[in-house]
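Worksheet: the structure to be examined is printed underneath.
Any read-out appearing in this document is the output of simple, stated calculations on the displayed coordinates, not a laboratory observation. What you are looking at is a predicted structure, and each value in this text was computed from that prediction instead of being measured. Every residue, glycine as well, gets a Cβ built from its backbone with ideal geometry; the counts of neighbours run over all protein chains shown.
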Ligand code: ADP
Ligand code: MG
């Protein structure tokens, strides 16, 4: 008897604060979300000493009258929902009514606010609520314009354990700025600014397109190098912007996910996005992605995490698969290839998005992939006269148009004219992409038609190389290499593939075996790794002269691929010099 107490609300608030308020960045996130929920068009954030000394978030939103300002300090006090039913598809960032009391319980807290209707009234129509460690100390009238400012001083002054866990001022600042960045990506219609110790750190004026917003947050170059993602329909869509494979680096990537304009974190979805890049980037490279998942409100639960950092999808596998597929189709069009010169507003990323919805609105389901509209030289039928490529290869089905001339330069690049660009194809990279996709089909299916040799080859190998051959015998034979042990350290080769007339089977096999032994190309599965290695070794080399028919066929095959613009190592197969860039340089534009 008498052992059970109901905790005083200040203690309960401090416990809640443990979950919701971890560091200055969490305060910034909650206060900026409140400002956005209040319909603000300008939100400014001030930090001192990484938020340790001072955090202030000011907005020009709807504000609160005196009664509401006091009530807002209570636990579970919210204006955003009335019943649990309203949680389904809730559109505001907040709905738990925890943030203000939680922040107030671990700081010296001051709220100044003035409701829209009071702003026209007498001069002292605003309200100031001051609290310390969660206890309200004063409620006074103040003069102020419409909106709200919350000032948080001495964060964690009364919970020293928490205060000790704060990192350096620099890293707290970085986390806080990132919290604003995330919300700035979700709400283009709002102007955001952050000053740290008096210096402006982030300036994001309201933006017409997501490109403009990314440009003010990360720089114009980053923004305009991205390519658009546009996938799905009303029941599930994936839209946004992603980095070109050739631009992706091993560090410093930016990965932002949103569902119905709400930011969330999900390493598995990021992984799914990376899977979409498979065989276009080397392992260890991390592409930047900005992705908005669109689902009906009842297909996602946003109330699964105290700080609302995670969400739960009803059909998670489908979402993962869709993200991967969306990335895949974004990489397909030739516009996903590398571009020379300045990106222009009428191509690539610049086409995506518009209005206040960050990732554009309407026109969902427009994911036809640009390949069909790309004029490409050659003709699928020319395969029957196959010279450069094996006759068994099946070309793509899109309509093709023959440019009159293909020019080989430096015995390495194929140059031709397309609608609005001079297009340059790297013959080795292109052939590699073609062979890779073919070989993947062969490895999964029937295998290749090998060419039996009248005089078998013998190769002498190192012990580890012999082992690599043993381990990959099935795959070697699937691409056309029939190999037997010859005794000792030798193998004998009875049949070889024939990917092009100048194919040097012995050299290819030697290099292939060396690569398989060395275990390059991590990250891919065994099949993909083998296919990539074979493709690289079997492809026509740079420096090899090609005739018109061979070039035509190679280019036709390339455009018949699933992902024409990228080789398997993160290099482009195609580089375009846009017509507008020529015009710009020659002063015609
Ligand atoms: P929640 O956002 O989950 O409702 P909070 O504790 O963050 O809970 O805020 C409590 C309430 O205070 C909100 O529902 C809102 O009505 C009001 N409020 C908080 N911040 C602001 C603001 N910047 N402008 C107007 N009203 C605000
Ligand atoms: Mg809130």
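So if I take the alpha carbon set of the range 1-120, get Rg, then get Rh from the Kirkwood formula, what is the Rg over Rh ratio? Can you show the working numbers first?
Details: Rg = 15.4 Å, Rh = 15.5 Å.
Rg/Rh: 1.00.
Please compute the Kirkwood hydrodynamic radius over the range 109-194, one decimal place, Å, based on all pairs of different Cα atoms. Intermediate values should be presented prior to the final figure.
On the way: mean 1/r = 0.0642 Å⁻¹.
Evaluated on the range 109-194, it is 15.6 Å.
So what are the three principal axis dimensions of the range 160-247 from its Cα atoms, in whole Å, longest to shortest?
Here the spans come out as 50, 30, 27 Å, largest first.
Quick one: divide the alpha-carbon radius of gyration of the range 423-562 by 2.2 N^0.38 Å and tell me what you get. All intermediate terms of the calculation are to be shown ahead of the outcome.
Values: Rg = 15.1 Å, N = 140, 2.2 N^0.38 = 14.4 Å.
It is 1.05.
Going by how many other Cβ atoms sit within 10 Å of their own, how do 187, 506, 82 line up, fewest first? Display every interim value, and only then the final one.
Numbers: 187 23, 506 12, 82 8.
Ascending Cβ contact count within 10 Å gives the list 82, 506, 187.
Mean projection of the alpha-carbon convex hull of the chain over all orientations, in nm²?
Values: hull surface 144.5 nm².
Reported value for the Cα convex hull: 36.1 nm².
What percent do you get for the relative contact order of the chain when only Cα pairs under 8 Å and 6+ apart count?
Working: 1248 pairs, mean separation 75.7, N = 589.
Relative contact order here is 13 percent.
Compute the Kirkwood hydrodynamic radius of the range 41-181, taking the inverse of the mean of 1/r over all pairs of distinct Cα atoms, and give it in Å to one decimal.
Value: 16.1 Å, from the Cα pair sum.
What number do you get for the range 235-304 when its Cα radius of gyration is normalised by 2.2 N^0.38 Å, N = residues? Before the final figure, lay out the partial values.
Numbers: Rg = 13.1 Å, N = 70, 2.2 N^0.38 = 11.1 Å.
Here the answer is 1.18, to two decimals.
Output the Cα-based Rg and Dmax of the range 404-473 in Å, rounding Rg to one decimal and Dmax to a whole number.
Rg then Dmax for the range 404-473, in Å: 18.8, 54.
Using alpha carbons only, how many degrees (0 to 90, rounded to 10) separate the axis of helix 427-444 from the longest principal axis of the chain?
With rounding to tens, the tilt is 90 degrees.
Whole-Å semi-axes of the range 213-352's equivalent ellipsoid, largest first, each the root of 5 times a Cα gyration tensor eigenvalue? Numbers along the way, then the final one.
Numbers: eigenvalues 130, 47, 45 Å².
The answer is 25, 15, 15 Å, longest axis first.
How far, in degrees from 0 to 90, does helix 169-186 lean away from the longest principal axis of the Cα atoms of the chain, to the nearest 10?
The two axes meet at around 80 degrees.
Starting from the Kirkwood Rh over alpha-carbon pairs, what translational D in µm² s⁻¹ does the range 493-587 have by Stokes-Einstein at 4 °C and 1.567 mPa s?
Estimated diffusion coefficient is 81 µm²/s.
Please state the Cα pair-distance histogram of the range 540-589 with 5 angstrom bins from zero: what percent is in each bin?
P(r) for the range 540-589, in whole percents per bin: 5, 15, 16, 20, 16, 13, 12, 3.
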